[in-house]
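Novice: Handing you a structure now.
The values are calculated or read from the model by the stated rules, or taken from the named source; none is laboratory data. Worth saying up front: this structure is predicted, and the values here are computed from it rather than measured. Here Cβ is always computed from backbone atoms with ideal geometry, including for glycine, and neighbour counts include all displayed protein chains.
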Amino acid sequence: MRRLTSVHISNPEIFKNQLLLWSQKFEEIVWLDSNHYKHSYANYDAVLAVEAFTSIQTDYHDAFEQLKTYQTSTKDWLFGYLSYDLKNDVEALTSKNFDGLQFPELCFFQPKKLFLLKGNTLEIQYLNFVADEVEDDLQTITSAVSSSTTEKSSEDQTIKIKLRIHKDEYFQKVHTMLNHIHRGDIYEANFCQEFYAEQTSIHPFEIYNKLNKISKPPFATFIRLYDKYLLSASPERYIKKEGNKIISQPIKGTAKRSLHKDEDFQLKKGLSEDSKERSENVMIVDLVRNDLSKTATKGSVKVEELCEVYSFKQVHQMISTVTSEIDDTMHPVDVIKTTFPMGSMTGAPKISAMRIIEELEETKRGLYSGAVGYFTPESDFDFNVVIRSILYNASEQYVSYSVGGAITAKSDPLKEYEECLLKAKAMREVLEN
C-alpha cells in the first residue's frame, strides 16, 4: 500500500525547515516536531503528513465510534485531532459557550505523502499511486530557500488582542470555583480564559516559526486543514500506545525561568517542593490512573515518575508518567475514549469538574485542550495536549489563544491570574511583536 524510501540527511535542522516550507502548498498538513527534546518514549524527531487520500470530519455525535470504524477499515497512518468537546460524546454533557473558531470537533486524514525523520535518517512513505513523485518532491524540498520577505509581513498589521474575561470577572469566577471546592463538589478544576483578535489576518507559517523558536517544546505542531490552522508549542503528551503499553504524561505545576543560573535553579527547586503544585499533580495522577484502569489488564497501572520537574525554554514544568498494559483485543480508540478529555485539562472528579468549567468559562474550548496526533498501521498512537497554542480561522479572520490553570483549595486568584499571563506570554509576543 505504501512504498518506503530511506534517505540520509546530512543537516536535519536545515532539512526540517525546507520540509515545512515545502508543505505549505497543501491544504491538509500535520507537522509534528520534538525539537530534539530528549524525553523517554520519543519515536521521531519530526513528522510531516500532507495531502489527504481519505478523511473523516464530524461533530461529537458518535464521534469515537465513527473514528473507530475509520481506523479499523483504513489500517494505515491517520493524522488529525480530537477537540475537547468530544466530552459530549463520552458523557451526558453539552457545550453552549461562544465559538469564534468553528473548527470541526473531530478531523483525521490518511496522508498520501508521509515523512518520518529520526537523527540523520529520513523515512519517506508514499501511497503506491503517488510513489513515482518521491524523487521530484525531494529535489524540490532540498532546493527550497526560506523566503526572508515573509519576515516583515505580520508586522504590517497591528494585532489587537482582547480578553474574553476581564481581571475582576476572572477573580469572581475563581471565587465561585473555590466555593464549589469548599462545598465538596470538586477537588480541583482547570479553569481557562480566551484571548482573541477579530478581523485579523496572520501568516500562520511565520507565526508558528516564531512561536516554536521562542518555546522549543517537545510536542510542537503546525496544522492546516483548509482554512483552519493550529500553531502549537505544547510541552505535554496526552497519551501514547506502544504495542500493549499505554503511556500518559500529565503536566501540573508551572514556574518561570530565569537567565541567572542560581536563580533559575532556585525557581526549579521551589517548584519541586511546592506543596500546592505537588498536590495538584498528585490529584491528576490519581485521575489518570483511574482512567487507564478502565482498559488496563489487572494490576498493570503504574506511576513511573511522580512530580518530576523538567525545564523548557520559557518555563519549568512538573510532569508525571503513568503507564498501563492492555489486552490484544482492546481497540486503540477505546483507550482514548475512556481517558478523554485528559485529566490535566479537566479536574477531579472529572465529570463534575467539566460541568462547572462549562458554566464558568465564556468560550467553547474546541481544539484548545483537545489533542493532536496519529495512528500507525499497527494501531499504535501518540497524541499531545493542545496548550500554548494559537488557533486561526482564516475565513472568519479570527485568531484565538487560551490559557488556564488548576484551581484547588489552596489557590490564590491573583497568583492563578499571573500564572495564566506567564503561559500566554509567548503567544502574545509572536502575535503583537
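Conditions tested, residue by residue: (1) without any contact (Cβ under 8 Å) to a residue 40 or more places away in the chain; (2) surrounded by fewer than 21 Cβ atoms within 10 Å (Cβ to Cβ).
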{"position": "Val303", "(1), (2)": "yes, yes"}
{"position": "Cys307", "(1), (2)": "no, no"}
{"position": "Lys313", "(1), (2)": "no, yes"}
{"position": "Met318", "(1), (2)": "no, no"}
{"position": "Thr321", "(1), (2)": "no, yes"}
{"position": "Glu325", "(1), (2)": "no, yes"}
{"position": "Asp328", "(1), (2)": "no, yes"}
{"position": "Pro332", "(1), (2)": "no, no"}
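Novice: If Glu263 satisfies all but one of (1) under 18 Å from Met427 (Cβ atoms); (2) without any contact (Cβ under 8 Å) to a residue 40 or more places away in the chain, what's the number of the condition it fails?
Specialist: It is condition (1) that Glu263 fails.
Novice: Look through region 48-104, keep the residues that are without any contact (Cβ under 8 Å) to a residue 24 or more places away in the chain and not hydroxyl-bearing (Ser, Thr, Tyr), and return whichever of them is nearest to Phe383 (Cα to Cα).
Specialist: Out of the qualifying residues, it is Glu65.
Novice: Based on this model, can you work out whether Glu123 counts as among the charged types (D, E, K, R) and assigned to a strand (DSSP E or B)?
Specialist: Spelling it out, Glu123 is indeed among the charged types (D, E, K, R) and assigned to a strand (DSSP E or B).
Novice: Quick one: how many residues across region 128-160 are crowded, with 16+ Cβ neighbours inside 10 Å and modelled with pLDDT of 95 or more?
Specialist: 5
Novice: While we're here: If a residue counts only when it is under 20 Å from the mean Cα position of the chain (by Cα) and crowded, with 19+ Cβ neighbours inside 10 Å, which strands (runs of 3 or more DSSP E) contained entirely in region 1-66 have at least 1 such residues?
Specialist: Because the criterion is at least 1 residues that are under 20 Å from the mean Cα position of the chain (by Cα) and crowded, with 19+ Cβ neighbours inside 10 Å, the strands (runs of 3 or more DSSP E) in region 1-66 that meet it are 28-33, 46-58.
Novice: Looking at this structure, is Glu359 in a helix (DSSP H, G or I), more than 24 Å from Lys228 (Cα to Cα) and among the charged types (D, E, K, R)?
Specialist: It is true that Glu359 is in a helix (DSSP H, G or I), more than 24 Å from Lys228 (Cα to Cα) and among the charged types (D, E, K, R).
Novice: Is at least one residue of region 92-108 outside any strand (DSSP E or B), surrounded by fewer than 20 Cβ atoms within 10 Å (Cβ to Cβ), β-branched (Val, Ile, Thr) and touching a Lys or Arg at 6+ places or on another chain (Cβ under 7 Å)?
Specialist: No; the residues of region 92-108 include none that is outside any strand (DSSP E or B), surrounded by fewer than 20 Cβ atoms within 10 Å (Cβ to Cβ), β-branched (Val, Ile, Thr) and touching a Lys or Arg at 6+ places or on another chain (Cβ under 7 Å).
Novice: Separate question: Return the only residue of Ser402, Ser344, Ser379 being in contact with a helix residue (DSSP H, G or I) (Cβ under 7 Å, 6 or more places away or on another chain), of a type in the set (S, T, N, Q) and crowded, with 20+ Cβ neighbours inside 10 Å.
Specialist: Testing whether each residue is in contact with a helix residue (DSSP H, G or I) (Cβ under 7 Å, 6 or more places away or on another chain), of a type in the set (S, T, N, Q) and crowded, with 20+ Cβ neighbours inside 10 Å leaves just Ser344.
Novice: With the condition being over 17 Å from the mean Cα position of the chain (by Cα), I'd like the strands (runs of 3 or more DSSP E) fully within region 181-235 carrying at least 1 qualifying residues.
Specialist: 188-197
Novice: Hey, another quick one. Write out, first by first residue and then by second, each pair whose Cβ atoms fall under 6 Å of each other, whose residues are 6+ apart or on separate chains, and whose first residue, in region 236-247, is under 7 Å from Asn384 (Cα atoms) and modelled with pLDDT under 95 while the second is not basic (Lys, Arg) and not in a strand (DSSP E or B).
Specialist: Every condition considered, the pairs that remain are Glu236/Val385.
Novice: Restricting to region 231-275, name every residue that is more than 16 Å from Tyr41 (Cα to Cα) and of a type in the set (Asp, Glu).
Specialist: Passing the criteria: Asp262, Glu263, Asp264, Glu273, Asp274.
Novice: Identify, from the list Gly343, Gly373, the residue that is in contact with a strand residue (DSSP E or B) (Cβ under 9 Å, 6 or more places away or on another chain), within 28 Å of Pro104 (Cβ to Cβ) and modelled with pLDDT of 95 or more. Even if it seems obvious, please write down each step before you answer.
Specialist: Details: Gly343 fails: modelled with pLDDT of 95 or more.
Matching residue, one of Gly343, Gly373: Gly373.
Residue by residue, here is whether (1) assigned to a strand (DSSP E or B); (2) of a type outside the set (Phe, Trp, Tyr) holds:
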site	(1), (2)
Asp382	yes, yes
Tyr392	yes, no
Tyr401	yes, no
Lys415	no, yes
Glu418	no, yes
Val430	no, yes
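Novice: Taking the criterion of being part of a helix (DSSP H, G or I) and touching a strand residue (DSSP E or B) at 6+ places or on another chain (Cβ under 9 Å), would at least one residue in region 239-254 satisfy it?
Specialist: Applying the first criterion (part of a helix (DSSP H, G or I)) to region 239-254 yields none.
No: zero hits.
Novice: Report every pair of residues separated by at least 6 positions or lying on different chains whose Cβ atoms are under 8 Å apart, first residue within region 173-198 and farther than 21 Å from Lys423 by Cα and at pLDDT below 95, second among the small types (Gly, Ala, Ser) and in a helix (DSSP H, G or I).
Specialist: none
Novice: Considering only residues that are touching a Ser or Thr at 6+ places or on another chain (Cβ under 9 Å), closer than 22 Å to Cys420 by Cβ and not charged (D, E, K, R), look in region 256-281 and name the one that is surrounded by the most Cβ atoms within 10 Å (Cβ to Cβ).
Specialist: Asn281
Novice: Out of all the residues in region 196-236, which are acidic (Asp, Glu), touching a strand residue (DSSP E or B) at 6+ places or on another chain (Cβ under 9 Å) and within 19 Å of Leu19 (Cα to Cα)?
Specialist: Answer for region 196-236, where residues must be acidic (Asp, Glu), touching a strand residue (DSSP E or B) at 6+ places or on another chain (Cβ under 9 Å) and within 19 Å of Leu19 (Cα to Cα): there is none.
Novice: For region 31-73, give me each residue that is more than 29 Å from Gly119 (Cβ to Cβ) and among the hydroxyl-bearing types (Ser, Thr, Tyr).
Specialist: Selection gives Thr54, Ser55, Thr58, Tyr60, Thr69, Tyr70, Thr72, Ser73.
Novice: Can you run down the residue pairs with Cβ atoms below 8 Å, 6 or more apart or on separate chains, where the first is in region 364-387 and over 25 Å from Ile165 (Cβ atoms) and the partner is in a loop (DSSP other than H, G, I, E, B) and among the polar types (S, T, N, Q)?
Specialist: Listed pairs, sorted by first residue: Asp382/Asn43.
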